[in-house]
Amino acid sequence: MQLTQRNSHFVGALLASATVAAASAAPTVWADDYADARADLVSAYQAEDFSAMRVAAQASLNARPEYPGALFNKAFAEALDSDADAAMETLGRLIEKQIDYGVENIEAFAELKEHPVWDSYLANIAAINQRIGEADVAVQFDRPDFIPEGIAVAEGGGVILGSIRHGQLLVEALGSDELVIGPAGHWSVFGMRFDGRDGLWFASSRVPQYVGISDRSAYMAGLFRLDLETLEISERARLPVVEGDQVLGDLVIADDESIYTTDSIDGPVYRYSITDGEYSTLVPKGVFGSPQGLALDVAGDYLYVADYIGGLYRVRLADAGVEKVTVPDATSDYGIDGLYRHGNRLIAIQNGIQPHRVVAMSLSDDGTAIESAEILAMNLPEFDEPTLGTVVGDEFYFVANSHWNRFDEDNNLPEDLTGPIVLEIKL
């Protein structure tokens with residue numbers, strides 16, 4: 001979802017086209033270190049003290065190891081400091097992760113065009129921006145005003161989508177017409193999961209992109225259950241209001257008793273008791289910067305959490321212990337929106353790095369590390385900020401065109417949008 005934690009984290013926007021994200025919302029020690037270093041970076045840039053800028057860029061990278069935005073900032077500072085060799089080496093680390101920030105179009109990097117490896121760099125960039133993978137169009141809806149985010153797909157066929165714009169649920173079942181269910185006490189619809197009892201739970205939040213909401217003070221959030229037989233909302237579980245913004249962006253159902261859900265703005269991970277109808281805090285505010293996608297391990301003992309600005313973690317459900325998942329240097333675990341499990345692989349939708357992609361990450365036997373990663377889909381023509389998905393057997397379905405990137409600063413949308421496209425990848 002494209003909220004305050006969903007922007008790029010590099011300083012180039014101070015002079016040109018890149019986007020600067022607000023680091024102040026990330027509350028942990030390492031995030032504070034990153035925010036402090038990044039503030040120093042901006043100050044040094046404004047003072048044209050490029051040597052100091054390099055020091056700050058390295059400090060920000062130390063705070064968030066291998067963070068793509070920090071790598072870009074490092075290369076940016078090195079280029080401004082006329083150290084072409086260092087800048088090209090740093091850009092090579094982004095190439096290794098198959099990440100492109102459009103460096104060739106940024107004036108500050110113009111001197112690099114005389115470097116001996118520049119042509120090789122451009123060739124690598126061209127390769128990164130080639131199509132990877134195949135995906136079939138499972139369904140496309142002729143509803144350009146329906147801005148999709150959440151998705152559920154029944155094993156026997158049929159797709160349910162949730163709208164962030166109008167809070168609607170779009171139901172497409174085999175042999176029947178499309179049915180649109182309007183808001184019934186809920187707001188924008190985010191992640192959703194079937195509960196195995198003829199119900200569909202979904203996370204909903206009242207965000208500025210929701211029609212009729214014009215200020216951030218209107219944020220509200222909760223979990224809701226759609227009864228699939230009556231197509232009515234059977235349960236409403238409003239998240240207790242705290243000071244600050246709250247957005248429940250995704251959820252995973254552990255069993256008949258528990259749902260885990262992430263607050264991507266305020267930071268906590270919650271457990272919701274289906275039987276008691278109460279929320280409890282699994283991971284408190286201050287541990288994650290922007291937790292989003294969730295996936296349970298095979299045994300159900302651990303919860304994998306994708307922190308959009310912090311990378312991939314797992315939480316031990318027995319005592320809420322948190323540990324960072326180790327990731328190879330050639331793989332980036334930042335910018336993950338949707339996260340799902342297929343066997344011993346995590347399927348991730350990454351829209352926080354460029355180009356956007358769907359990645360399969362193979363876990364180690366003990367689940368503490370990513371041993372390898374494979375890009376399943378990247379640069380597909382249907383992509384317009386893919387967001388969430390679902391695994392059904394050996395198929396992965398996902399929203400290809402959420403249009404989050406099309407909202408302007410006033411949360412308006414252009415009129416030339418395509419209707420929702422659901423893509424299918426064979427796993």
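Relative contact order for the chain using alpha-carbon pairs under 8 Å, separation at least 6, rounded to a whole percent? Let's see the in-between values first.
Working: 1028 pairs, mean separation 58.6, N = 427.
Relative contact order, the chain: 14 percent.
Relative to the first principal axis of the alpha-carbon coordinates of the chain, what is the inclination of helix 68-80, with its axis defined by its Cα atoms, in degrees from 0 to 90 and to the nearest 10?
20 degrees
Label-point separation (nm) for residue 39 and residue 342, each offset 7 Å from Cα along Cα-to-Cβ?
4.4 nm
For residue 117 and residue 236, calculate 0.36 nm times their separation in residues minus their Cα-Cα distance, and state this gained length in nm to one decimal.
Additional length available on full extension: 37.0 nm.
So, R0 is 22 Å and r is the distance between the beta-carbons of residue 281 and residue 368; what FRET efficiency does that work out to, to 0.05?
0.35
Work out the FRET efficiency for residue 408 and residue 105 from their Cβ-Cβ distance, taking R0 = 22 Å, and round it to the nearest 0.05. Provide the component values of the computation, followed by the final result.
On the way: r = 22 Å, r/R0 = 0.99.
That pair, residue 408 with residue 105, gives E of 0.50.
Report the rotationally averaged projected area of the stretch 329-420 based on its alpha-carbon convex hull, in square nanometres. Intermediate values should be presented prior to the final figure.
Numbers: hull surface 28.1 nm².
One quarter of the hull surface, i.e. the mean projection, equals 7.0 nm².
Of the options 141, 102, 302, report the single residue whose Cα projects farthest towards the positive end of the charge dipole of the chain (beta-carbon charges: Lys, Arg +1; Asp, Glu -1).
So the residue furthest toward the plus end is 302.
What whole-number distance in Å separates the alpha-carbon centres of the stretch 343-420 and the stretch 231-306?
21 Å
Work out how much length residue 46 to residue 62 would gain on full extension: take 0.36 nm times their residue separation and subtract the Cα-Cα distance, in nm to one decimal.
Values: separation 16, 0.36 × 16 = 5.76 nm, distance 2.20 nm.
Contour length minus the Cα-Cα distance gives 3.6 nm.
Can you give the Rg/Rh ratio of the stretch 211-340, where Rg is from the C-alpha atoms and Rh is the Kirkwood radius? It would help to have the intermediate numbers written out before the result.
Numbers: Rg = 15.3 Å, Rh = 15.6 Å.
That ratio is 0.98, to two decimals.
How far apart, in nm, are two points set 7 Å out from the Cα along the Cα-to-Cβ line at residue 394 and at residue 32?
Rounded to a tenth, the inter-label distance reads 5.0 nm.
List the equivalent ellipsoid semi-axes of the stretch 148-200 in whole Å, largest first, each obtained as the square root of 5λ for an eigenvalue λ of the Cα gyration tensor. If you can, show how the numbers build up before the last one.
Values: eigenvalues 64, 34, 18 Å².
Result for the stretch 148-200: semi-axes of 18, 13, 10 Å.
Which FRET efficiency, nearest 0.05, do residue 256 and residue 173 yield, Cβ-Cβ r, R0 25 Å?
Numbers: r = 25 Å, r/R0 = 0.99.
Efficiency for this residue pair is about 0.50.
Just so you know, all these numbers are worked out from the coordinates, no wet-lab data involved. Remember, predicted model here, so these are calculated numbers, not experimental data. As a convention, Cβ positions derive from the backbone with ideal geometry for all residues, glycine included, and neighbour counts pool all protein chains shown.
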